[in-house]
Each structure stands twice: as structure tokens, then as C-alpha cells.
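Colleague: Have a look at this one before I ask anything.
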Amino acid sequence: MEGFETRAIHAGQEPDPLTGAVVPPIYQVSTYAQDGVGGLRGGYEYSRSANPTRTALQECLAELEAPGLGGTGLAFASGLAAEDTLLRTVCRPGDHAVIPDDAYGGTYRLFAKVAEPWGLDYTPASLGDPDAVASAIIPGRTKVVWVETPTNPLLNIADIAALADVAHAAGAILVVDNTFASPYLQQPLLLGADVVAHSTTKYLGGHSDVVGGALVTVDADLSERLAYHQNAMGAVAGPFDSWLVLRGIKTLGVRMDRHCSNARAVAEHLAGHAAVSEVLWPGLPEHPGHDVAQKQMRDFGGMVSFRVAAGELAAVDLCGRTRVFTLGESLGGVESLIEHPARMTHASAAGSPLEVPADLVRLSVGIETVDDLLEDLDRALTA
Ligand SMILES: *Cc1c(COP(=O)(O)O)cnc(C)c1O
């Protein structure tokens, strides 16, 4: 089988049969001429149902998450659109889900404010502990165990293979939000997960210039139902957005290597800094999820969170003082970002079991020159 980087550059992206263009064109089109009623050329009739640029992205995503397994990738307008389509495909009102007790804030809001009023209730559980997940399951009602690993923003690690067993024993499916790791670092479908969800806005796109989402599965029945809902609910990725994500994916491997090595340098540097009380990065040997992360990931990722010893106001101040790290939400782009989760990305979790510590700062470590990143943090921490 071809290696990851080869698949990232070529899967779903044969040179254009008409012109030889080596990159899939942006098919910025809504409808397709038919040769007589129902006579479709190449299977395309209307771009909500299918569009060639989106097809290229979808085939590439399937080959990255499930190489050689004939999986199905589906591209959506955003990560949350992908999640919503997934939930309303695999759950009915009256069903139950287990979710991470430190899920991404938007995912939590989708469960709490949209899915629960619709009739899907949920229990947050600490996913680092498979027994806690097993006891959060309601036999007969739990249809989904939803996993993020590493989590956002606390960078906790869940054992995907162990949780797949727990979910399957209860007749539930295991969904893994693989946004933080990307398929370069971790391939959950090969560890027993049933569906992988992505915000392609982050590492897959990689350049902070597009919002998108994706689902990948190798379960034939599930892919048929998800594809039906992708078209029936309509939250598809547009052609230009699909093209931007495909373009980003070509360099995913080299970008992730640099994200990971820069994150290691930042984490190790902060761990020895007097103004920092705790560093959360799964590559540090003292991180509680280190061994599991080492087992299921190629490297430990580009996200680093840390707690500021002087407390909440000092953490907020720090976020406004860096110069190379830009203060902003989101993550996974080439540029370094800094944010205060409790007041920014995770404000919607305030007062819930998913509330995050107020002295926490989250870094998306970019691929700039590492010495500039360390110097920037030092200057901001000592100001
Ligand atoms: C950003 C993000 C999402 C949501 O994706 P959007 O593209 O913003 O809709 C979901 N999960 C994780 C882990 C994220 O970081």
C-alpha cells in the first residue's frame, strides 16, 4: 500500500481526463447537462448530490483514514454540519449518547441546545477511564459513544480500541472526532471506531482560509445512510472549499511533523517556566495519557495547553501580550494562535460539567521558526 504522503497527494486526484490538469479543477457549477432524460455523464446531475471537486476530496479523506478499505468520505460545510448530519442519521428521539466531559464547546452546544431539545439525551463521562464510559451507558438506549482524543482544550487522551469494545458490547457505535490528531497522527477506524468526524477547518485545511467538515466510515450500511442524509439535509461542502481542503491535505504530513516538533519544544520550555503551574501536552512523560497516546498516535500533536500560576487575570493578560502567537479562536493553521478557552472557545460550557479552568491558556503551535515562538512566550510571560 502507498504511504500516507503519497495518498494525500494522489488519492482521488488522477490528472483531469480532459486536460491533464494535475490538480482537480474547481467545478464551480450547480447542474450538469444530460444526454437525454436521465442520461448522466459521469454520474453528476446536481451539485448538492455530487460535485467532482467534492468527490476528489471525499475519496482522498477515505484513503487517509482507512487506507485500502474502500471506506466512504463525506465532506460538509463545517465540522458541526458533519456532526449534526451524523447524529440525526444514527439517533432517534428517545436515544442516548455518551459524550466527553471536556468536549469541544461547539460539540457540547450541539448536544445540549439542539440535540437534547430534539429528544436525544446525553451523559458526559471522563473518556480516559473506560469503566466510567461503561457505567454512563444506558443499555438499550445508548446509540453513540462520542470520543475526542486528544480533547479540546485539556488534551486528555482516550484509548480508542478499549472504548470501541465498550461501545460495541452495548450495541452502540463509536464516533471519534479526529480533528486534533488528523489522520496523519491517528487513524481511529483502524482501531475499531465506526465513524471518524473532522473539522477540516483545522489541520486538514491547515491554512485558516476555509471552514469545512467531514465524516469517514468503512461500514457499508452506515455510509449509505450518511450519504443519503448528506444530500437530504444538504449541508455539503462547496467546490471551492473542497478544493482548498484538498490543497491543504497535500502538505499535511510535513506540516504535522513541524507542528509536533515545535509543540514539543514549547511544552518542554513552558514546563520549566516559573510562571506556569502545569503544562498539558500528551508528549510529556508525566501526562496521564502519555502511554495510550504513544500506543495509538504517530506523534503527540501541535496543541499545547497550560495553566498560568498567577491565575485567571494573568492568563487573560498573557493572551493579549504575545506578538508571534495571534490571539484568536480556531487551531491547526500554519500560524501560531493563543486563546483563553474559558472566555472564548469554551464560554458556552460555563456552568456545565464541561467548564474549563479559568487559568488555562491554549496554544495552537504553528510552523514558524521555533526560537521565535519560545522568545515570544518568554517575553509575554515575564512582562
Ligand atoms: C472546530 C472543531 C469542531 C467544529 O468544527 P467547525 O468546522 O468549526 O464547525 C469540532 N470538533 C473539534 C475538535 C474542533 O476543534
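Colleague: Please check which bits of the range 180-205 a label hung off Met1 would reach, taking the label as a point 7 Å along Cα-to-C-beta and the cut-off as backbone N under 18 Å.
Modeller: Taking a point 7 Å out along Cα→Cβ of Met1, the residues of the range 180-205 whose backbone N falls under 18 Å are 182-197.
Colleague: While we're on this one: Residues in the range 320-334 near a label at Arg379, defined as backbone nitrogen under 20 Å from the 7 Å Cα→Cβ point?
Modeller: Correct set: 320-328.
Colleague: While we're looking at this one, here's another question. For Lys113, which lysines qualify as cross-link partners when the Cα separation must be under 21 Å and same-chain residues fewer than eight apart are set aside?
Modeller: Once the sequence-local lysines are set aside, what remains near Lys113 is Lys143.
Colleague: Normalising by the residue count of the range 279-340, find the relative contact order in percent from Cα pairs under 8 Å and 6+ residues apart.
Modeller: 22 percent
Colleague: Further, regarding this structure: Want the number for His273 to Val22: 0.36 nm per residue separation, take away the alpha-carbon distance, what's left?
Modeller: Using 0.36 nm per residue and subtracting the Cα-Cα distance, I get 85.5 nm.
Colleague: Using θ = phi - 60° and the Karplus curve 6.51 cos²θ - 1.76 cosθ + 1.60, what whole-Hz ³J(HN,Hα) does each residue of the range 60-67 get, with Gly and Pro shown as x?
Modeller: 5, 4, 4, 6, 7, 7, 9, x
Colleague: Right, another one. To the nearest Å, what is the center-to-center distance of the range 199-254 and the range 124-191, using C-alpha atoms only?
Modeller: Each part reduced to its Cα centre gives a spacing of 21 Å.
Colleague: Given a Förster distance of 35 angstrom, what is the FRET efficiency for Asp291 paired with Leu69, based on the Cβ-Cβ distance and rounded to 0.05?
Modeller: 0.80
Colleague: Continuing with this model, one more query. Enter the Cα centre distance for the pair the range 7-55 and the range 258-279, rounded to the nearest angstrom.
Modeller: 45 Å
Colleague: Residues of the range 345-360 with backbone nitrogen within less than 15 Å of a virtual label 7 Å along the Cα-to-Cβ line of Ala132, please, listed as ranges.
Modeller: Those under the cut-off are 353-357.
Colleague: Oh, and also: Provide the percentage of antiparallel DSSP beta bridges, counting only those with both residues in the chain; round to the nearest 5.
Modeller: If I count the DSSP bridges inside the chain, around 60 percent turn out antiparallel.
Colleague: If we count every other residue with Cβ under 10 angstrom of Leu337's Cβ, Lys/Arg +1 and Asp/Glu -1, where does the sum land?
Modeller: -2
Colleague: Val144's amide H: which non-local residues (gap 5+, or another chain) put their own amide H closer than 5 Å, with H modeled 1.01 Å from N in plane and none for Pro or chain starts?
Modeller: Under 5 Å from the amide H of Val144 lie the amide H atoms of His96, Val98, Ile173, each far enough along the sequence or on another chain.
Colleague: Let me ask something additional. Between Arg321 and Met233, 0.36 nm times their residue separation minus their Cα-Cα distance comes to what?
Modeller: Taking Arg321 through Met233 to full extension adds about 27.4 nm, to one decimal.
Colleague: By how many degrees, between 0 and 90 and to the nearest 10, does the Cα long axis of helix 220-233 differ from the longest principal axis of the chain?
Modeller: Helix 220-233 and the main axis of the chain meet at about 90 degrees.
Colleague: Something else now. In whole percent, what relative contact order does the range 252-382 give with Cα contacts below 8 Å and a gap of six or more residues?
Modeller: 28 percent
Colleague: Related question: Within 10 Å, Cβ to Cβ, of Thr201, how many net charges do the neighbouring residues add up to if Lys/Arg are +1 and Asp/Glu are -1?
Modeller: The answer is -1.
Colleague: Turning to a different aspect of this structure: Give, rounded to the nearest 20 debye, the magnitude of the charge dipole that the chain has about its Cα centre when Lys and Arg contribute +1 at Cβ and Asp and Glu contribute -1 at Cβ.
Modeller: 700 debye
Colleague: Separate question: Please give the peptides 282-291, 17-26 ranked by average Cβ packing (other Cβ atoms within 10 Å per residue), highest first, as a rough proxy for protection.
Modeller: 282-291, 17-26
Colleague: What's the extension gain from His168 to Val29 if we count 0.36 nm per residue and subtract their Cα-Cα distance?
Modeller: 45.9 nm
Colleague: Rounded to two decimal places and with Rh computed the Kirkwood way over Cα pairs, what is Rg over Rh for the chain?
Modeller: 0.98
Colleague: For Glu278, enumerate residues with amide H under 5 Å from its amide H, sequence gap 5+ or separate chain, H modeled in the peptide plane.
Modeller: Arg307
Colleague: Just want to confirm a number: the relative contact order over the chain, from Cα pairs under 8 angstrom separated by 6+ residues, in percent.
Modeller: Across the chain, relative contact order equals 17 percent.
Colleague: Cut-off 10 angstrom, C-alpha nodes, Gaussian network model of the chain. Which of Leu360, Leu174, Leu40 fluctuates the most?
Modeller: Greatest mean-square fluctuation among the candidates belongs to Leu40.
Colleague: Let me ask something additional. Once phi is turned into ³J(HN,Hα) by the Karplus curve 6.51 cos²θ - 1.76 cosθ + 1.60 with θ = phi - 60°, what whole-Hz value does each residue of the range 143-158 show in order, with x for glycine and proline?
Modeller: Whole-Hz 3J(HN,Hα) from phi for the range 143-158: 9, 9, 10, 9, 10, 10, 7, x, 7, 10, x, 8, 6, 6, 10, 10.
Colleague: Still on this model: Any lysines with Cα under 23 Å of the Lys250 Cα? List them, leaving off those in the same chain fewer than 8 positions away.
Modeller: Reachable lysines: Lys202.
Colleague: Between beta-carbons, use under 11 Å as the cut-off and find the net charge around Thr123, counting Lys and Arg +1, Asp and Glu -1.
Modeller: Charge balance near Thr123 sits at -1.
Colleague: Going by alpha carbons, how many degrees (0 to 90, nearest 10) lie between the helix axis of 160-169 and the longest principal axis of the chain?
Modeller: With both axes taken from Cα atoms, the answer is about 60 degrees.
Values in this text are rule-based calculations from the coordinates and carry no lab data. Worth saying up front: this structure is predicted, and the values here are computed from it rather than measured. Positions of Cβ are backbone-derived with ideal geometry, glycine not excepted, and every protein chain shown enters the neighbour counts.
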